[in-house]
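The values are calculated or read from the model by the stated rules, or taken from the named source; none is laboratory data. This is a predicted model, so every value here is computed, not measured. Cβ coordinates were reconstructed from backbone atoms using ideal geometry, including for glycine residues, and neighbour counts include every protein chain displayed.
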């Protein structure tokens with residue numbers, strides 16, 4: 001993780017944007033299309049840029065190629081464990097508050113299948129931890145040995161094709177997000193520590209990212225830009241969701257430049273300090289956001305109007321921020337404990353073969 005103030009602010013702005021966008025998405029899923037035009041526009045322009053998280057993560061891991069193999073594997077496994085704990089905790093909270101709508105067998109299936117298949121998690125954030133875990137491991141292999149990296153990619157591709165041939169659920173272990181996550185993470189590790197984008201250029205990059213995100217759709221390079229074509233298409237950092245790959249890569253690079261330039265600003269203090277606070281606790285806020293969507297939003301959505309409006313969006317931004325901040329302050333200790341459990345459990349599993357060996361091999365002897 002990056003520890004400098006600019007990185008903290010960048011992560012903080014991303015988290016606040018994610019919290020806001022998830023509120024808009026939840027609103028859209030419960031409303032009729034003719035009353036949410038402005039919401040659709042925001043989703044189309046903002047949703048693709050979750051990719052910036054991988055840029056930022058890579059910038060905080062520039063020395064990953066110099067680390068030990070098992071250190072990188074353990075960190076990746078800890079992220080997988082965090083995704084599982086996010087899912088299990090979210091499922092339990094949802095079941096206790098709202099029920100699952102399933103019998104005992106169906107509920108157990110909803111709980112266990114995502115843990116085994118790595119897809120279909122109860123929360124909306126678990127996928128990120130899986131994609132980041134794979135991005136870290138692939139980037140490490142890329143730096144250590146291109147031959148090993150290529151062999152691993154071939155093996156993973158074969159496993160994906162085999163899973164499809166066997167009729168297993170699509171996107172197992174979030175494989176569709178791996179290529180973009182790896183590429184953006186790798187780019188982040190290559191950015192120099194003194195990399196800076198002047199604010200005027202950053203604003204221009206942000207405008208360019210918005211334009212490209214609006215026009216991006218499958219075949220845009222061959223058919224040309226169209227202002228009103230495929231308005232419901234939203235590009236995503238996943239195989240099958242890019243739209244046009246060159247356009248997608250360009251729009252995300254421009255957005256990352258915009259985000260980093262805005263994060264350089266230190267005024268107004270009350271905004272930048274709060275963004276830094278959120279950024280320093282980004283993983284915990286991300287976990288919390290997934291559970292808020294599951295548990296609290298079902299109570300709030302019926303109270304909202306049927307049509308969007310500027311006042312509603314202000315409410316999403318301010319209300320969502322205050323809600324998550326209050327819950328974070330209230331639940332900081334259990335959230336931190338969950339984060340510690342994800343890392344310590346992996347360490348204990350890694351030591352398990354040694355412990356088992358100690359049970360069966362007399363002292364002073366070796367197998």
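Computed values, structure above
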| item | result |
| --- | --- |
| Enumerated helices (runs of 4 or more DSSP H) restricted to the stretch 258-367, each holding at least 2 residues that are surrounded by 13 or more Cβ atoms within 10 Å (Cβ to Cβ) and at pLDDT 95 or above | 269-280, 282-295, 310-360 |
| Test for residue 65: is it surrounded by fewer than 17 Cβ atoms within 10 Å (Cβ to Cβ), part of a helix (DSSP H, G or I), in contact with a helix residue (DSSP H, G or I) (Cβ under 6 Å, 6 or more places away or on another chain) and touching a residue at least 24 places away in the same chain (Cβ under 8 Å) | yes |
| Answer residue from the stretch 102-124, given it is part of a loop (DSSP other than H, G, I, E, B) and in contact with a helix residue (DSSP H, G or I) (Cβ under 9 Å, 6 or more places away or on another chain) and is farthest from residue 174 (Cα to Cα) among those | 102 |
| Test: residue in the stretch 203-218 that is assigned to a loop (DSSP other than H, G, I, E, B) and within 30 Å of residue 149 (Cβ to Cβ) | yes |
| Residue count for the stretch 98-124, restricted to those that are under 20 Å from residue 22 (Cα atoms) and either without any contact (Cβ under 8 Å) to a residue 24 or more places away in the chain or surrounded by fewer than 18 Cβ atoms within 10 Å (Cβ to Cβ) (or both) | 2 |
| Residue list for the stretch 228-248, filter: out of contact with any helix residue (DSSP H, G or I) (no Cβ under 6 Å at 6 or more places or on another chain) and without any contact (Cβ under 8 Å) to a residue 60 or more places away in the chain | 228, 229, 230, 243, 245, 246 |
| Matching residues in the stretch 212-232 - criterion: being under 23 Å from the mean Cα position of the chain (by Cα) and surrounded by 14 or more Cβ atoms within 10 Å (Cβ to Cβ) | 212, 213, 214, 216, 217 |
| Residue list for the stretch 158-169, filter: assigned to a loop (DSSP other than H, G, I, E, B) and surrounded by 12 or more Cβ atoms within 10 Å (Cβ to Cβ) | 168, 169 |
